[in-house]
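To start, the structure under review is shown below, and the notes come after it.
The values are calculated or read from the model by the stated rules, or taken from the named source; none is laboratory data. Only a predicted model underlies this, so the values are computations on that prediction, with no experimental measurement involved. Positions of Cβ are backbone-derived with ideal geometry, glycine not excepted, and every protein chain shown enters the neighbour counts.
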Amino acid sequence: MKSRDERIRVPYRKILYFEARERRLCLRMAGEELTFTGTLEKLLEILPPEFRRVHRSFVVNADNIQRVALSQNLVYLRGDVAVPLSRSYKKEVREYDA
């Protein structure tokens, strides 16, 4: 991950999700959040396949999914962190989770 004045390396296994928020990307790990510029589309081009889009604003590390609550439209990640699951990505998440 690059910012204006520094470059940070984060192991994929530590990443819970990325969120697009206010024209910036937020990288969420357990107990820590980093922000940087970019788009989810560009990010998905360089991330490994275990990173899945679950919402227009969220990309999760599928290796950290603990459960998917389809009726609640939520994906629960390690540490009991919940992110929204949109209807348009439900089928893909259901297939990946199977």
query = Can we say residue 38 is small (Gly, Ala, Ser) and at pLDDT 90 or above?
reply = no
task = Check whether at least one residue in region 27-42 is in contact (Cβ under 8 Å) with a residue 12 or more places away in the chain and either in contact with a Pro (Cβ under 9 Å, 6 or more places away or on another chain) or of a type in the set (Phe, Trp, Tyr) (or both), and report yes or no.
result = yes
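Looking at region 57-89 only, could you name the residues that are small (Gly, Ala, Ser) and at negative phi? Walk me through it before giving the result.
Pass one, region 57-89, residues small (Gly, Ala, Ser): 57, 62, 69, 71, 79, 82, 86, 88.
Those that are small (Gly, Ala, Ser) and at negative phi: 57, 62, 69, 71, 82, 86, 88.
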query = Limited to region 1-20, what total is found for residues that are within 10 Å of residue 37 (Cα to Cα) and at pLDDT 85 or above?
reply = 1
